[in-house]
């Protein structure tokens, strides 16, 4: 096994700093959620599903995180009232993550 050099440590530090800076920058880029568009719901562990349901929303995306979920909401303000810490527009996140597909929209009822 080889020893880490100073340049290895600097490169690792730069990578970690860049990764940790990405989250706050993304959250600053994201404005408030808009009804019928993808939103990021950040809530206490176990509370995101209840906040989404209270906002008349539907979860989207293949993954479920412990404190955050993507959803399309009918009433974004209700999610905050139901205990979500933040309800943000997810368009910036989808762009940052390189999502190139069709953006999810609210399902219209007839």
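Some notes on this structure:
- Among the numbered conditions (1) out of contact with any strand residue (DSSP E or B) (no Cβ under 6 Å at 6 or more places or on another chain); (2) assigned to a helix (DSSP H, G or I), the only one that residue 44 does not meet is (2).
- Scanning the range 1-35 for residues that are surrounded by 15 or more Cβ atoms within 10 Å (Cβ to Cβ) and farther than 16 Å from residue 93 by Cβ turns up just one, 35.
- Verdict on residue 71 being in contact with a helix residue (DSSP H, G or I) (Cβ under 8 Å, 6 or more places away or on another chain), assigned to a helix (DSSP H, G or I), over 19 Å from residue 25 (Cα atoms) and assigned by TED's automatic domain parsing to the domain that holds residue 36: no
- Looking only at the range 9-31, and only at residues there that are in contact (Cβ under 8 Å) with a residue 40 or more places away in the chain and out of contact with any helix residue (DSSP H, G or I) (no Cβ under 7 Å at 6 or more places or on another chain), the one that is farthest from residue 77 (Cα to Cα): 22
- Residue list for the range 60-76, restricted to those being surrounded by fewer than 15 Cβ atoms within 10 Å (Cβ to Cβ) and closer than 16 Å to residue 45 by Cβ: 63, 64, 65, 66, 67
- Note on the range 47-67: residues that are in a loop (DSSP other than H, G, I, E, B) and either more than 15 Å from residue 82 (Cα to Cα) or touching a strand residue (DSSP E or B) at 6+ places or on another chain (Cβ under 8 Å) (or both) total 9.
The values are calculated or read from the model by the stated rules, or taken from the named source; none is laboratory data. In this text the structure is predicted, and so the values were computed from the model without any measurement. Because the Cβ atoms are built from the backbone with ideal geometry, glycine has one as well, and the counts that use them run over all protein chains shown.
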